[in-house]
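Down below is the structure, laid out as structure tokens.
The values are calculated or read from the model by the stated rules, or taken from the named source; none is laboratory data. Source: prediction; values computed, not measured. Here Cβ is always computed from backbone atoms with ideal geometry, including for glycine, and neighbour counts include all displayed protein chains.
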Amino acid sequence: MSDEHTASIPKTEKSNVEVRHDRRNERLTWLIDHFKREWQIYVMLAPAIIWFLLFLYKPMYGLQIAFKDYSIFRGIDGSPWVGWEHFGTLFGSDQFVRAVWNTIKISALNLLFGFPAPIILALMFNEILNATFKKTAQTIVYLPHFISSVIIAGIVITAFSPSAGIVNTIIGWFGFEPIYFLTKPEWFRPIFIGTGIWQEAGFGSIVFLAAIAGVNPSLYESAVVDGANRWQMMWKITIPSIMPTILIMLIIRIGNIMEVSFELIILLYQPATYATADVVNTFIYRQGIQGGQYDIAAAAGLFNAVVAFVLVMTANSISKRFSRTSLW
Amino acid sequence: MSGVSIESVFKRYGAVQVVHGVDLTVEEKEFVVLVGPSGCGKSTTLRMIAGLEEISDGEIAIDGRVVNRIAPKDRDVAMVFQNYALYPHLNVAENMAFGLRIRRMPKDEVKKQITEVAEILGLTEYLERRPADLSGGQRQRVAMGRAIVRHPKVFLFDEPLSNLDAKLRTQMRAEIRRLHNRLGVTSVYVTHDQVEAMTLADRIVVMNDGNIEQVGTPMELFNNPVNTFVAGFLGSPPMNQIQGTLTDQGAQIGGHELRILGAASGQTGRDVVVGIRPEHISLEAGPETSPLPIALDLVEPLGSEALLHGSFGDTPMVLKVDTHGDVAHLSGVSEIHVPADLVYLFDAETGGAIRGQAN
């Protein structure tokens, strides 16, 4: 009976292993065909992939020194493991904790004032009707982006100089004493944030201007016929229409929250302002490059990266949940 | 009266003039369709009525009030756009309420208006949906709803059905006409589709190259086109137009004598364009018909009717005939018959009508 039953199963029916094997072969054939057909796309993609591998993934191998007592003479592999010791050292250091807080405070202020600035600028440009004036204004605000941070810092230092700076000259006109802005910790953050806005808001507005240019003009015409004024159109059409772009830029910005403009801080800060100006990146620079403590610096860098990763993941999922807009 | 009056209206963009002195009066409650090919100035004219384009010269009055310098919002018009112009971030109810909220209408009143209009348009169950979640036809209804809730003096439609598929377009066309019959609001409708124009309009305005070619009821324009342009634009397929010369009995075309009843007498030898509508051509000889040879190259069956494409000499010709359930016999057609009373004549030089359809 049993034999009869077995004999009744059709020979064509394949075992699970055979089915999996066939599927794998099918996928492989499809992949080979796909590469043959679309190879030009992959050739174009190759430089970017190589760049990522060489400059972002390969250095990750070195991250292990955050957990090692690293010596340049013994090399990465030859240095002994020390576990979480460097992280313990870091969090036990007042300087590092201060740098973390400074990074958070500067980033939060930057997000508060620096993030809306290019949006506001783009909205303002959008309202300018005279084409010549619009182009001139745009060129003027884009320019600082193309100037080296060293020169920008030079301009800021000169502008706030207590002896010849324009700011103190104006203060002097009102009969006040000159202020040594760049040596006072309480002035560092406003100056740094203001400089950042001046340097990058214009260029940053391009993304939002492009988003505004993509808004269907009929929406405005319809609103005009409905009786909306320019202010109402900005609030009820332009801003909601560019909201997906704003959210994407916000997520990217949050991902970079720990990466405050390192160059500008290095150029503007001094020991007198470390209390408010020293951030994680400048701490890493001083410890790692200047102090030769590469392992501690790597631990601080890894901490930075993990925080940024968590932040960007959180921001992305919040945005995805509430606005249907996300990076991935 | 809430009509629209357009007097000698010009539109220029720099040195380029696109509308050349248009004159038109749209009566109260009338449904007028501006029709013409792309670039003929019909949308520009509509946008000038809406106030979205400035008038270079002339005068536009709505409800007896000159509106040349009046902002669109104060003209008391509502416009339905080709791509619906729905706000993607607002749901159906909010889209419809937009204009009312801008005008600071009390919330209760807004809600009442929207409920009423949604009921009329069959949108009640979609009020909470966003435009992205609606079909093309539903979006079009929302766009109309947004216009209706405002209770304007004039509706302006800018090719509102051109983004819909053929079936939906036919359906929406009927809905628009029913809605007009129900609401009775003066409407100006722009389209390039002559079928839409014929089916919707109380009066059609045919525009070409920034000028009005003819204004009249659909049947007036169909039966008595003032020139070859109007004759060729209205009717599907368009009227066949053949060069010829007037004779005592009719016209000489391509070496053949075509009998025409009531052909203008005393003009023998005048160069003309002979117009024959595809549906007027017969395959069988009648008492008052003239035979013409045709070289057939394509038969397009449409069901009860078929389109026969061919040529008479060098002139392409189309005829529409009944199939009687079979198209096989049509491929052998080599002769057609033109009724003497259904031939149009136009001046060969100016294109102006010499005579329309004999009645």
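Would you call B:L34 aliphatic (A, V, I, L, M), in the same structural domain as B:H192 (by TED's automatic domain parsing) and within 14 Å of A:V225 (Cβ to Cβ)?
Working: aliphatic (A, V, I, L, M): yes; in the same structural domain as B:H192 (by TED's automatic domain parsing): yes; within 14 Å of A:V225 (Cβ to Cβ): no.
Here the answer is no, as B:L34 does not meet what is asked.
Scan segment B:251-295 for residues that are of a type in the set (S, T, N, Q) and touching a Phe, Trp or Tyr at 6+ places or on another chain (Cβ under 7 Å) and jot them down.
Across segment B:251-295, there are no qualifying residues.
So which residues in segment B:45-56 are surrounded by fewer than 23 Cβ atoms within 10 Å (Cβ to Cβ) and closer than 19 Å to B:V215 by Cβ?
B:L46
Scan segment B:94-128 residue by residue and report those that are more than 33 Å from the chain's Cα centre (by Cα) and within 14 Å of another protein chain (Cβ to nearest Cβ).
Once the filter is applied, which keeps residues that are more than 33 Å from the chain's Cα centre (by Cα) and within 14 Å of another protein chain (Cβ to nearest Cβ), segment B:94-128 yields B:R101, B:I102, B:R103, B:R104, B:M105, B:V110.
Given the structure, is B:I204 assigned by TED's automatic domain parsing to the domain that holds B:K320 and among the β-branched types (V, I, T)? First the steps, then the outcome.
Numbers: assigned by TED's automatic domain parsing to the domain that holds B:K320: no; among the β-branched types (V, I, T): yes.
Taking the combined requirement at face value, the residue does not satisfy it.
Answer with yes or no whether B:S265 is of a type in the set (S, T, N, Q) and at pLDDT below 90.
For B:S265, the condition - of a type in the set (S, T, N, Q) and at pLDDT below 90 - is met.
Among (1) surrounded by 19 or more Cβ atoms within 10 Å (Cβ to Cβ); (2) of a type in the set (A, V, I, L, M, F, W, C); (3) within 14 Å of chain B (Cβ to nearest Cβ), which single condition is A:W235 missing?
Unmet for A:W235, out of (1) surrounded by 19 or more Cβ atoms within 10 Å (Cβ to Cβ); (2) of a type in the set (A, V, I, L, M, F, W, C); (3) within 14 Å of chain B (Cβ to nearest Cβ): (1).
Based on this model, can you work out whether B:M79 counts as touching a residue at least 24 places away in the same chain (Cβ under 8 Å), within 13 Å of another protein chain (Cβ to nearest Cβ), surrounded by 14 or more Cβ atoms within 10 Å (Cβ to Cβ) and in a strand (DSSP E or B)?
yes
Exactly one of (1) free of Cβ contacts under 8 Å to residues at least 60 places away in the same chain; (2) surrounded by 17 or more Cβ atoms within 10 Å (Cβ to Cβ); (3) over 30 Å from B:N83 (Cβ atoms) is unmet by A:V225. Its number?
(3)
Counting only residues that are buried (at least 16 other Cβ atoms within 10 Å of the Cβ), of a type outside the set (A, V, I, L, M) and more than 17 Å from the chain's Cα centre (by Cα), which one in segment A:284-328 is farthest from A:I239 (Cα to Cα)?
Here the residue is A:Q293.
Which ones in segment B:131-161 are within 11 Å of chain A (Cβ to nearest Cβ) and small (G, A, S)?
B:A132, B:A143, B:A147
Just wondering, is there one or more residues in segment A:249-261 that are on the phi < 0 side of the Ramachandran plot, within 14 Å of chain B (Cβ to nearest Cβ) and of a type outside the set (K, R)?
No, every residue in segment A:249-261 fails to be on the phi < 0 side of the Ramachandran plot, within 14 Å of chain B (Cβ to nearest Cβ) and of a type outside the set (K, R).
In segment B:83-105, which residues are assigned to a helix (DSSP H, G or I), in contact with a Gly (Cβ under 8 Å, 6 or more places away or on another chain) and surrounded by fewer than 21 Cβ atoms within 10 Å (Cβ to Cβ)?
Passing the criteria: only B:I102.
For segment B:80-132, give me the residue count where each residue is β-branched (V, I, T), closer than 12 Å to B:R146 by Cβ and in contact with a Ser or Thr (Cβ under 8 Å, 6 or more places away or on another chain).
0
Please give the number of the condition A:G204 fails out of (1) surrounded by fewer than 16 Cβ atoms within 10 Å (Cβ to Cβ); (2) closer than 30 Å to B:P88 by Cα; (3) under 22 Å from the mean Cα position of the chain (by Cα); (4) not hydrophobic (A, V, I, L, M, F, W, C).
Of everything listed in (1) surrounded by fewer than 16 Cβ atoms within 10 Å (Cβ to Cβ); (2) closer than 30 Å to B:P88 by Cα; (3) under 22 Å from the mean Cα position of the chain (by Cα); (4) not hydrophobic (A, V, I, L, M, F, W, C), A:G204 misses just condition (1).
So in segment B:57-75, with the set limited to residues that are more than 12 Å from chain A (Cβ to nearest Cβ), touching a residue at least 24 places away in the same chain (Cβ under 8 Å) and farther than 25 Å from B:G14 by Cβ, which one is surrounded by the most Cβ atoms within 10 Å (Cβ to Cβ)?
B:I62
Return yes or no: is A:I32 outside the structural domain of A:Y294 (by TED's automatic domain parsing) and over 30 Å from A:A299 (Cβ atoms)?
So A:I32 passes the test.
Which residues, counting only those in segment B:226-238, are closer than 15 Å to B:I276 by Cβ and either at pLDDT 95 or above or in a helix (DSSP H, G or I) (or both)?
Hits for segment B:226-238 are B:T228, B:A231, B:G232.
Are any residues in segment A:212-222 free of Cβ contacts under 8 Å to residues at least 40 places away in the same chain and more than 7 Å from every other protein chain (Cβ to nearest Cβ), and if so, which ones?
A:A213, A:G214, A:V215, A:P217, A:Y220 - these are the residues of segment A:212-222 that are free of Cβ contacts under 8 Å to residues at least 40 places away in the same chain and more than 7 Å from every other protein chain (Cβ to nearest Cβ).
Is it the case that segment A:270-284 has a residue that's in a helix (DSSP H, G or I), without any contact (Cβ under 8 Å) to a residue 24 or more places away in the chain and either within 14 Å of chain B (Cβ to nearest Cβ) or touching a helix residue (DSSP H, G or I) at 6+ places or on another chain (Cβ under 7 Å) (or both)?
Yes - at least one qualifying residue is present in segment A:270-284.
Taking the residues in segment B:286-302 that are modelled with pLDDT of 90 or more and of a type in the set (G, A, S) as candidates, determine which candidate is nearest to B:L342 (Cα to Cα).
B:S290
Out of segment B:2-35, which residues are part of a loop (DSSP other than H, G, I, E, B) and at positive phi?
B:G14, B:K29
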